[in-house]
Amino acid sequence: MGTVVDDAASVEFHAFFERHYAELARLAHLLTGESDAADDLAADALLALWHRWDRVRAAEHPVAYARGVVANLARTRIRSAVRERRRIALFWPHREERTENPDVAGVVDVRQALRRLPFRKRACVVLRHAFDLSEKDTALTLGVSVGTVKSQTSKGMAELQRLLGPQGAAPTIRAAMARATGEAQGRKR
């Protein structure tokens with residue numbers, strides 16, 4: 001039987017879950033590029049938060065803490081996938097499927113370009129542009145300095161522009177990121 005404190009913590013966690021689950025799942029999806037894994041990563045992150053709920057709710061920025069857990073779980077998933085691909089490559093011949101000078105005049109697939117960025121650049125770009133977080137909030141989420149956020153975001157945007165083509169890539173990236181999180185803004189209000 002739970003105590004009053006346990007019941008209050010449970011109610012508080014449930015409210016946190018309801019407010020932030022969808023956002024954490026979208027973050028996981030944009031960081032990994034895997035829609036199926038996004039729900040699992042968000043659920044795993046929230047389970048970890050529940051186990052440390054007293055510490056999380058006492059934190060100055062619980063949502064930043066939660067985003068950091070999702071980012072770390074996504075990084076671990078990506079690293080595991082890379083290791084698995086390397087093991088598979090040992091047994092099957094690797095075919096190079098690289099396209100030189102891809103045609104970006106048509107539909108621009110920002111998510112595919114995001115997947116090509118190193119994790120920290122991708123996380124900074126996603127948090128700054130898709131989630132419209134400040135540099136400070138992004139730094140809190142990732143556990144890095146504001147200067148690191150500034151440099152990684154700048155380098156990530158430059159890399160995306162290089163990948164997507166120079167003609168209006170930055171506005172296209174921002175517009176596509178806004179569309180990717182458009183439903184998030186509607187759910188928050």
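Each peptide in 73-82, 22-31 gets a packing score, the mean of other Cβ atoms within 10 Å over its residues, and the list from highest to lowest is 22-31, 73-82. Students often get this wrong: which residues of segment 110-153 have the backbone nitrogen under 17 Å from the point 7 angstrom along Cα-to-C-beta of Ser35? Output list for this probe position: 110-115. Sorted on the mean count of surrounding Cβ atoms within 10 Å across their residues, most packed first, peptides 150-159, 117-126, 48-57 read 117-126, 150-159, 48-57. If you wrap segment 2-51 in the convex hull of its Cα atoms and look at it from every side, the mean projected area works out to 3.4 nm². Mean projected area of the Cα convex hull of segment 25-84, taken over all directions, amounts to 3.9 nm².
Here, each number is a calculation from the coordinates, and none is a lab measurement. This is a predicted model, so every value here is computed, not measured. As a convention, Cβ positions derive from the backbone with ideal geometry for all residues, glycine included, and neighbour counts pool all protein chains shown.
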